[in-house]
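Here's the structure we're looking at; comments come further down.
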Amino acid sequence: MLFNSIEFIFFFPLIVIIYFLLPFKYRNIFLLIGSYYFYASWKLEFLSLIIFSTLVDYFSALQMEKCSNKKAKKKYLYFSLIANIGLLFVFKYFNFFNENIRLLLDSISIYNEIPYLQLLLPVGISFYTFQTLSYTIDVYNGKTKPEKNIITFALYVSFFPQLVAGPIERSHHLLPQFRKNFSFDPERVKSGLKLMGWGFFKKIVIADNLAVFVDMVYNNPSDYHGFQSIIATLFFAFQIYCDFSGYSDIAIGIARILGYDLMKNFNMPYLANSIKNFWQRWHISLSTWFKDYVYIPLGGNKVIKYRWYYNLFFTFLISGLWHGANWTFVIWGALHGTYLVVENIFSDRAKRFDQIQWLNVAKVFFTFFIVCLTWVFFRANSVSDAFTILSNINRFENLSPIDLFGKNYRVELSLCIGLITALVLYEMYYSYFNKKVIFSNYVKVPFYIAFVFTILIFGKFSKQEFIYFQF
Amino acid sequence: MKKFLITGFVFGLSIVLVNCFLHYFYVKHLMRETILFKKEAEYQQNKDSIKILFLGDSHVETGFNPFSLKNSFNYSSAGESYILTYFKLKHLLKNKNSSLQTIVLPLDLHSFSPFRIDNINNDAYWVNLADYFEIGGVRDNRLFFATKYFSGRFAAYIGNFKEIYLALKEKNSPNKEKKSVMGFTPRQGSLLKSNRVEEISNRVNYHFFDSTYLDPTLLTYFQKTLQLCMKKRLNVILIKYPVTKEYFETATGKIEISNYDRKIEQIIEPYKNSLIIIDYQKYYFKNSDYFLDADHLNEKGAQIFSEELYQNFKELRANYVKSDLPSGKRSVQN
C-alpha cells in the first residue's frame, strides 16, 4: 500500500479514528495489527520476515540483560547480527555476490555451480533490519534497556509510517513514546496534515513530474546528448530529494497526528556548503546510523590519519552497498567517501577562506555539482550507462531549450523548471530567514484550498512507487 | 475538538464545492476544445449521412482522410485500444436509426499488444461510453478502474494540467484552426534521418515491451466487436495500416508473425465470409517521406493513402449489391 494510493485514503482515516476512540491499553496492539496489515498489503509472505526479525531481537535483548558480562552478551549480539544481516544478505545481496564470484571464477576457468535465488526483495527490509540492529547494539552497549513488552517492541519494529522507507528510528527515541498516552490534539493534527500535504506535493507534483524526463534519458542514455543528460541529472537530483523527503514528511506527519515524534530526515541538503555538511542534511537517520554503528566502532577520527581516511571511505562504501546490490551504488558510495577524504585533507587550508561570503555561495554550488555527479551513478541502470551519460556531456546538438525533449513535452518541461525554481527559492527563504511564510487567517484557508487543488491538478496519479522502496 | 470538527467540516465542504466547480468548468468548457469532444460533436452533426465508419487508434486518426470517401467518418482516437473501440461502437449502435453500413477496423501488429491496455486517457470522455466496472473486472483491477470512473465522473480535471493548459490556450487563441475534418487529424512533419534507427527501435520497444503481443483481453474485445458488427449486419473491413520498412522488420523480429496470423485467423474464422482484410503494411516501404514517424503517416502520406483506399473500396463495392454483405473473404495484398 503506497501513501499515494486509493487504499491508503481509506486506511489512514480509519486508523486515526479507531486509534483515538480506543482506550490507551489497546492502542499499541491496534497499531501493531494496522502496521502488519499495511506491510502485508505488499505481500503476505513478507510478514513472516519482519516477525522473525522482531522475535530474534526481542529475545536476544532480553537474554543480554540476563548476562553478567560483555563476553556472554556478545553471543546474543552476534546472533542478532547474523540473523538480521543474514536476512538482508539472502534477499538482497546473494545474487549480486554470486554473479561477481561467478565472473571472477570464469576468468580463471573455474565453473561456479551455485544457483541464483529467485526471491523478491521484501519492501523495507533494509530499513527495519537496521532499526532492530540499532536496538540490540544499544542494549549490548548499555545505552538502552531491553523492552519487556513484546507488543511495544513489535510496534517499534513495524510502526507503519516509517516501516518501508524510514526515518530509521533509535529505540531510546521511539520506544518510550509507545508507553505514553496521547489524547487527540487538534494542533498536532493540523500540523501533521500540513506536513503530509507538503510531502504529497513534493512527491506527486514535483518528483513524479521530474521522473518523466529522468526515465526518458536514463532508460535509453545513448539516445540523448549533452543538454538532455545534464537536465535529466539535475532533475534526478530534485526528484530523489522530493521523493524521499516527501515520503519522510508524510511519515512524520502521520506519526505526528497519532501523537508520535519521528526524527527529521532531511534539512535542505542542497544548501550544503561541503560534503560533510551535505551528509548532516541528507537522509540524516541513515548517516547517523552509519556514524554510530560503523564509523565510530572502526575508530572514527580518533585514530591515525590514514586509518581515519580508511574509516570514512569504508563507511561510505558500505552505505553505497546498503542502497542496492549493484556496482553503481558501490561507486556512488565510494565517490562520497573519496570526496569526504579529500575534503578532510584540505579542510585546514580551506578554513582561512571561510569569511569570504561569495566563496561560501560558490561552495554551495560546487557541492551541488559534485553531488550531482554521484547521482549519475546512483540512478543509472548500470556502470556502462553511467559512463554513457557522462560521456554524453561532450555531445551537444543545436536544440532550442524548450524543445529539448520534443514539442510534445514543452508544457511538462516548463512546469518542472518552474517547480524546481519555486522549491529552491522557498528553501533559500526558509534557510535565510529561518522562519516559515506566515499568512493571516483570511489568507490561510483559501491558500490551503488552493494548495490541495494544486496537488490535484499538477500531480501525477499513475502508480509511482517511492524511489527508496527499492532499498 | 468541536471547533476542530467545525473547521474540518467547513474546509471539507469548501473542497467539495470547488471540486464541483472545477469539474463542471473542465468538462463543459475546456474539454470542448479537445480533439475527442470536437470529433464527437462533428459526428453528431453528420451522423445521419455517415455510412462508413473508421474506428481505431492514431494509425487511423492520422492515416485516413474521409474527404476521399463519400459518407465516411474517421472516428478513431489516439491510444484507443480494442476495449474502447468496442464500447464506442456499442454506444453508437444504440441509436436505432443509425445509418452505418460499414465499419473499418485496424489489424496492426501492435493492435493486441498490452502496452496501453490500462492507459485510458480522458476519463471525462470515456466514462460516458465505456463500462469501467466491466473493464476493471476483466483486468482484475477493480479498484483502479473504479477510481478512474469516479474521477472521470466527479473530478475529471485531476492530473490533467497539460490538457487544461492546452484547452485554455486553444480557447483563447484568436486563430482557431479546424484541427479535424470529418474526424481526420493530419500531422505535419517527417521522420528525422539523424536518429531514425533509434526512434524506430524505441517505438517498437514501446509497442512490444514484453513478449506478450496477443493480449487475451484485447483479443476478446476484438472478437466482441466483430460479433457486434455481425449482429447488426454491418460490413467489416480490417485494414493493416502502412508502416515504415524498419518498423515492420524490427517489429516482426520481436514477435512471431506466424503465431500472430494464426491467432487472428482463429478469431475471424466464424466471420470469414462476412469480412475483408486489406494489408497495406508494406505499401510505402520505399516512401519514407510519407511518414511522420516510425508508424504514422504524415499529411502527404495520408492524402495518398486515402486516395488508394478509395480506389480499393470502389473495386470492392463494384463486386456486390450495395445493401448486401460482401460475399467471400478477400485478402488483398499490395
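The values are calculated or read from the model by the stated rules, or taken from the named source; none is laboratory data. Just so it is clear, the model here is predicted, and its values are computed rather than measured. Here Cβ is always computed from backbone atoms with ideal geometry, including for glycine, and neighbour counts include all displayed protein chains.
Are any of the residues in the stretch A:184-204 among the hydroxyl-bearing types (S, T, Y) and modelled with pLDDT under 90?
Taking every residue of the stretch A:184-204 in turn, none turns out to be among the hydroxyl-bearing types (S, T, Y) and modelled with pLDDT under 90.
Return the residues of the stretch B:269-287 that are surrounded by 14 or more Cβ atoms within 10 Å (Cβ to Cβ) and free of Cβ contacts under 8 Å to residues at least 24 places away in the same chain; say none if nothing qualifies.
Listed by number, the list holds a single entry, B:N287.
Given the conditions (1) over 24 Å from A:K145 (Cα atoms); (2) assigned to a helix (DSSP H, G or I), and given that A:K43 satisfies all but one, which numbered condition is not satisfied?
(2)
Would you check if there is a residue in the stretch A:21-34 being within 14 Å of another protein chain (Cβ to nearest Cβ) and of a type in the set (A, V, I, L, M, F, W, C)?
Yes, that holds for at least one residue.
Of the residues that make up the stretch A:416-427, is at least one within 14 Å of another protein chain (Cβ to nearest Cβ), buried (at least 17 other Cβ atoms within 10 Å of the Cβ), over 24 Å from A:Q228 (Cα atoms) and modelled with pLDDT of 90 or more?
no
Among the residues in the stretch B:73-82, are any closer than 19 Å to B:N128 by Cα, within 14 Å of chain A (Cβ to nearest Cβ) and within 19 Å of the chain's Cα centre (by Cα)?
Taking every residue of the stretch B:73-82 in turn, at least one turns out to be closer than 19 Å to B:N128 by Cα, within 14 Å of chain A (Cβ to nearest Cβ) and within 19 Å of the chain's Cα centre (by Cα).
Just need a number here: residues in the stretch B:151-162 that are in contact with an Asp or Glu (Cβ under 9 Å, 6 or more places away or on another chain) and either more than 8 Å from chain A (Cβ to nearest Cβ) or among the hydroxyl-bearing types (S, T, Y) (or both).
So the answer is 5.
Which one of A:D385, A:D354 is at pLDDT 90 or above and either in contact with a strand residue (DSSP E or B) (Cβ under 9 Å, 6 or more places away or on another chain) or over 16 Å from A:A237 (Cβ atoms) (or both)?
Exactly one of A:D385, A:D354 is at pLDDT 90 or above and either in contact with a strand residue (DSSP E or B) (Cβ under 9 Å, 6 or more places away or on another chain) or over 16 Å from A:A237 (Cβ atoms) (or both), namely A:D385.
How many residues are at pLDDT 85 or above and more than 13 Å from chain A (Cβ to nearest Cβ) when one looks only at the stretch B:163-203?
So the count comes out to 0.
Would you be able to tell me the number of residues in the stretch B:1-57 that are within 22 Å of B:A156 (Cβ to Cβ), among the small types (G, A, S) and loosely packed, with under 15 Cβ neighbours inside 10 Å?
2
Residues that are at pLDDT 90 or above, hydrophobic (A, V, I, L, M, F, W, C) and out of contact with any Ser or Thr (no Cβ under 7 Å at 6 or more places or on another chain): does the stretch B:235-242 have at least one?
yes
Answer with yes or no whether B:K28 is more than 14 Å from chain A (Cβ to nearest Cβ), charged (D, E, K, R) and more than 30 Å from B:Y241 (Cα to Cα).
The answer is yes for B:K28.
Yes or no: A:D249 among the acidic types (D, E) and either farther than 23 Å from A:N149 by Cβ or part of a helix (DSSP H, G or I) (or both)?
Spelling it out, A:D249 is indeed among the acidic types (D, E) and either farther than 23 Å from A:N149 by Cβ or part of a helix (DSSP H, G or I) (or both).
If we keep just the residues of the stretch A:101-112 that are surrounded by 13 or more Cβ atoms within 10 Å (Cβ to Cβ) and of a type outside the set (A, V, I, L, M, F, W, C), which is farthest from A:F329 (Cα to Cα)?
A:N112
Is it the case that the stretch A:77-89 has a residue that's surrounded by fewer than 16 Cβ atoms within 10 Å (Cβ to Cβ), touching a residue at least 40 places away in the same chain (Cβ under 8 Å), touching a helix residue (DSSP H, G or I) at 6+ places or on another chain (Cβ under 9 Å) and farther than 23 Å from A:L47 by Cα?
No: the stretch A:77-89 contains no residue that is surrounded by fewer than 16 Cβ atoms within 10 Å (Cβ to Cβ), touching a residue at least 40 places away in the same chain (Cβ under 8 Å), touching a helix residue (DSSP H, G or I) at 6+ places or on another chain (Cβ under 9 Å) and farther than 23 Å from A:L47 by Cα.
Return the total of residues in the stretch A:273-310 being closer than 26 Å to A:A165 by Cα, in contact (Cβ under 8 Å) with a residue 12 or more places away in the chain and of a type outside the set (G, A, S).
Matching residues across the stretch A:273-310 total 18.
Quick one: which helices (runs of 4 or more DSSP H) lie wholly within the stretch A:103-208 and hold at least 2 residues that are within 21 Å of the chain's Cα centre (by Cα) and of a type in the set (A, V, I, L, M)?
Where helices (runs of 4 or more DSSP H) fall fully within the stretch A:103-208 and carry at least 2 residues being within 21 Å of the chain's Cα centre (by Cα) and of a type in the set (A, V, I, L, M), they are A:125-140, A:150-158, A:186-200.
Considering each residue of the stretch B:216-251, count those that are over 22 Å from B:S58 (Cα atoms) and acidic (D, E), and give that number.
Summing the residues that are over 22 Å from B:S58 (Cα atoms) and acidic (D, E) in the stretch B:216-251 gives 0.
If we scan the stretch A:257-271, do we find a residue that is among the small types (G, A, S) and in contact with a helix residue (DSSP H, G or I) (Cβ under 6 Å, 6 or more places away or on another chain)?
The answer is no; no qualifying residue exists.
Scan the stretch B:93-113 for residues that are closer than 18 Å to B:Y247 by Cα and out of contact with any Gly (no Cβ under 7 Å at 6 or more places or on another chain) and jot them down.
Within the stretch B:93-113, B:L107, B:D108, B:L109, B:H110, B:S111, B:F112, B:S113 qualify.
Somewhere in the stretch A:4-11, is a residue away from chain B (no Cβ under 14 Å), assigned to a helix (DSSP H, G or I) and modelled with pLDDT of 90 or more?
no
Under 8 Å between Cβ atoms, at least 6 apart or on separate chains: pull out the pairs that start in the stretch A:447-459 with a residue that is facing another protein chain (nearest Cβ under 9 Å) and farther than 12 Å from A:G197 by Cβ and end on any residue that is modelled with pLDDT under 95 and in a loop (DSSP other than H, G, I, E, B).
Close Cβ pairs satisfying both conditions: A:I457/B:Y157; A:I457/B:I158; A:I457/B:G159; A:I457/B:N160.
Restricting attention to the stretch B:272-301, report how many residues are assigned to a helix (DSSP H, G or I) and out of contact with any strand residue (DSSP E or B) (no Cβ under 7 Å at 6 or more places or on another chain).
Qualifying residue count for the region: 4.
Pairs, please: C-beta under 7 Å, at least 6 apart or cross-chain, first residue more than 10 Å from chain B (Cβ to nearest Cβ) and in the stretch A:183-208, second assigned to a helix (DSSP H, G or I) and basic (K, R)?
As it stands, the answer is A:R188/A:R256; A:S191/A:R256; A:G192/A:R256; A:L195/A:R256, since those pairs meet every condition given.
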